[in-house]
1. About the Cα centre, and with charges only on the beta carbon of Lys, Arg (+1) and Asp, Glu (-1), how big is the dipole of the range 226-304? Nearest 20 debye, please.
2. With a 10 Å cut-off between alpha carbons and a GNM built on the chain, which of Phe147, Phe291, Phe339 moves the most?
3. Pick out, from Pro326, Gly132, Ser170, the residue whose Cα sits farthest towards the positive end of the charge dipole of the chain, with +1 on the Cβ of Lys and Arg and -1 on the Cβ of Asp and Glu.
4. Hey, what's the per residue convex hull volume over the C-alpha atoms of the range 111-206, in cubic angstrom?
5. Give me the dipole magnitude in Debye, nearest 20, for the range 156-222 about the Cα centre, with unit charges on the beta carbon: positive for Lys and Arg, negative for Asp and Glu.
6. If you place +1 on the Cβ of every Lys and Arg and -1 on the Cβ of every Asp and Glu, how big does the dipole about the Cα centre of the chain come out, in debye to the nearest 20?
7. Please report the antiparallel percentage of the DSSP beta bridges confined to the chain, to the nearest 5.
8. Under the 0.36 nm per residue contour assumption, what length would be gained going from the current alpha-carbon distance of Lys337 and Val351 to full extension?
Amino acid sequence: MAFSKKDITKVLETITAPGEGKSLIESGSVKNIVVFDKEVVVDVTISNPTLQAKKKIEIEIMKAIHEQIDQKIDVKVNVSAVVPVKEVEAKENSIPGIKNIIAVASGKGGVGKSTITANLAVSLQKMGFKVGILDADVYGPSIHLMFDVADAKPLSVEIDGRAKMQPVESYGVKILSLGFFTDANQAVIWRGAIASKALNQMIFDSHWGELDFLLIDLPPGTGDIHLSIVQAVAVTGAVIVSTPQNIALADAKKGVAMFQQENINVPVLGIVENMSYFTPAELPNNKYYIFGKDGAKNLAEDIDTKFLGEVPLVQSIREAGDVGHPVALQDNTPLEKAFSEITKNTLSQLVKRNTDLPPTEIVRITTMSGCSTK
């Protein structure tokens, strides 16, 4: 069949540029199209430098041209990667269909942040809300394990003529995690820029649908990934997770300070204290404060932040996470009630935040102000 450059352009409008949320044509990724008889050459530039991204876009272009025009066309795709030197323009719009984006963070690793995220999501879902989780802990993803979908793979769906990732659903919660795309036995060794590009693809190249809440499970600390998230989407509020001991509290305080910085300015909804005390099964009335008592509660008072609640150190929480069945799924148990109370307090603070404060803006960082040069 006869075809023209215009036909090829129309096909490329149906393919999403990696990490852009726009088609190859809209994003300006297509630099040149040459059509000669039964031969087509397409030159494409993308901002993701990984070999997987280059190969994926090459295969998508060839497949689309063959399926939509003619199988006999000789298609050659030249893919190059260019990382802009200029600061990437922040996206003006947040994720379509998502009402509230809640970041769950901790200044320190090992405090149970992912466990709190998983059970917060389940509690919200049980209250009737539509909930999703983005596992942004790129170097140690665990949400897919906690929801018993370790072997699942997101499917591709066509939305408005473009291919999008369909989040995996478990217990009524939509989930996207880097754990779906990486070998469980291999370490993820990426520089910050590549990790941020992978996150952008999970955010903007996915079909989340209508959600009341998207919870973002952030990695520990205050680094590249945190900055990438607040530059990519308007985070409604943040929940900080800590354990009661002074070392963890010192890092939690830094986590709060990061969100409260003038150039980030994401409201902190409050602090959750995990592993607050230990109660042996054979002594249900006894509480042993292994890591100290009321540490997060006192910190919340000191920095004028809401204390959202406490979670005891209980073996069944760990066991439930290991088998992919969060304890908040239980009915009328002390642990289910503890997470329900934390969720209600978080919702209360969110309503107050949305009533008293304007919508959060996407962060635009154009200088290195605030960073030490020593």
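1. Working: 5 positive and 8 negative charges, 24 e Å.
Dipole magnitude for the range 226-304 comes out near 120 debye.
2. In this elastic network of the chain, the residue with the biggest mean-square fluctuation among Phe147, Phe291, Phe339 is Phe291.
3. About the Cα centre, the residue reaching furthest to the positive side is Gly132.
4. Residue-normalised Cα hull volume stands at 105 Å³.
5. Charge dipole of the range 156-222: 300 debye, to the nearest 20.
6. Numbers: 38 positive and 44 negative charges, 104 e Å.
Roughly 500 debye for the chain.
7. Values: 16 of 55 bridges.
Here the antiparallel bridges make up roughly 30 percent for the chain.
8. Answer, rounded to one decimal: 3.0 nm.
Taken together, the values in this text are just the output of simple stated rules run on the coordinates, not laboratory data. Just so it is clear, the structure is predicted and the values come from calculations on it, not from any experiment. Virtual Cβ from ideal backbone geometry, glycine too; neighbours counted across all protein chains shown.
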